[in-house]
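Quick notes on the structure that follows.
Only the coordinates and a few stated rules stand behind these numbers; no lab work does. Quantities reported herein were computed from a predicted structural model and do not represent experimental measurements. Cβ sites come from the backbone with ideal geometry, for glycine too, and all protein chains shown count toward neighbours.
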Amino acid sequence: MNVMLELLASWGTAVIHLLIQPYYYIALIFIALYYRRQVALERKLIHVKLHSWGRETWRTVWTGGVAGLIVSLAAVALGISLSYTAVACIWVVSLVLMLFRVRYLCFAYSIGVLGIVQFVLSFFPDTLQSGAAGTIAGALREMDIPALLVLAALLHLAEALLARWQGARLATPLFLAGKRGKVVGGYQLQAFWPLPLFLLIPPGAGIGELPWHPLLGGGLGLVSLPVIIGFSEMTQGMLPGRKAARTSGRLLVYSIVLLGLSLLADWWSPLTLVAALSAVLLHEGLSWYSALEERSISPVFVHPPAGRKVLAVLPGSPGQELGILPGEVLLKVNGVLLTGAAQLHEALRMNPAFCKLEVLNREGESKYLQRAIYDGDHHQLGIILVPEPDGSVTAEAKPSSIFSIIGMQTGTRQRGHTPGRRGRKKPAASAEAKQKPAGV
């Protein structure tokens, strides 16, 4: 009983440490800035916002808190331990990696890099023994890399479940420059969750022993470690729900493989380098394979010869009430066959009090919808159409950087005329989509 009370008291102390250290607040500020940038991008492209940055920030904070508690309980049960110096090392490495790409703000990358550095330091046991460098090197040498890679696997498991649950809801519609210079519709699926983790302190330092025999060691005290997990995907050839499901499945397989390698490394230490390299290289492999898959399929958000395809539907709009879904085709509105973007608005104005729609669902079957139109309704029933192929505004199909998030740069471009070619547009952004399932 006294041991459990001591463990609860240690947990309370770790919570206080979490609230007074800056890393958790850095994570919250980063996430709030990202969602503000997402709203700015939506206003730039479709002139309305599909998401509220305050609501999305709050949802990711509380769901991340729940996920962090579950992962922490699993980590404590396994005996995963971490010192205060190691916490600082992990966050410094994560922040440095983030300067190169946002998706590198990832536990698998930071722990993988630290595992490689630890392996290199093992060849120089007599170097860096004094001063601040010696303190850092000592902390790196003492870090239990296999146990931390087990934690990375648990975090990716939580990420896979959150991506499956919330990924499609967080999708942002984009206007992208296609392979042939035509503008096509697409989606960016990107989300981040801040997780407050509580890990055991390494055995010793005057702390008691756990009342059970953990698999990976660890003493009775607790230390807090705030981390960010998340994923980032961009698609032109799949619906958001399908893309989120595929990403979730691959992250689940990655977490299981990493968990197995990490447990084997804990059993036989020479495998630690293999597990650390696998954490980084397999993650990069997911990014490469996702990009290859996206390049091999045709864009789905393009207009057919007859009708206008739906890219997105505003939440709470008449279009959502009618049951119109992204990927469906508006064939006729008030009896008018749609062959151009302007015709939707003109056809709705033919009867300002009522509308009748013929819609082709994703299976190509017709459905007939009707609804009264009220004052204050969106002028296009809240339906966002796929862009016209000669549209003038596109978003760059490349990953957002930390500087673009801080500076609220949306990455949109105006498409201009190519000199010497009358009437032909020149794409302002490359269509090279670098899809990244970024486990953070």
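Key figures
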{"item": "Ranked list, fewest to most other Cβ atoms within 10 Å of each Cβ, for R362, R37", "result": "R362, R37"}
{"item": "Likely footprinting exposure, H47, H378, H283, fewest C-beta neighbours within 10 Å first", "result": "H47, H378, H283"}
{"item": "Binned Cα-Cα distance frequencies in region 276-339 - 10 Å width, integer %", "result": "18, 29, 21, 18, 11, 3, 0"}
{"item": "Radius, Kirkwood style, for region 2-296 when every pair of distinct Cα atoms is counted (Å)", "result": "20.2 Å"}
{"item": "Three semi-axes of the equivalent ellipsoid, region 308-384, Cα gyration tensor, whole Å, largest first", "result": "17, 14, 11"}
{"item": "Given charges at beta-carbon only (K, R positive; D, E negative), |dipole| of region 308-384 in Debye", "result": "140 debye"}
{"item": "Compactness of region 105-197, expressed as Rg and Dmax over alpha-carbon positions, Å", "result": "20.5, 61"}
{"item": "Under 5 Å, built H, 5+ apart or other chain: amide partners of Q190", "result": "T172, E233"}
{"item": "Listed pairs K49/K309; K44/K332; K309/K356; K243/K332 exceeding 23 Å between Cα atoms", "result": "K44/K332; K243/K332"}
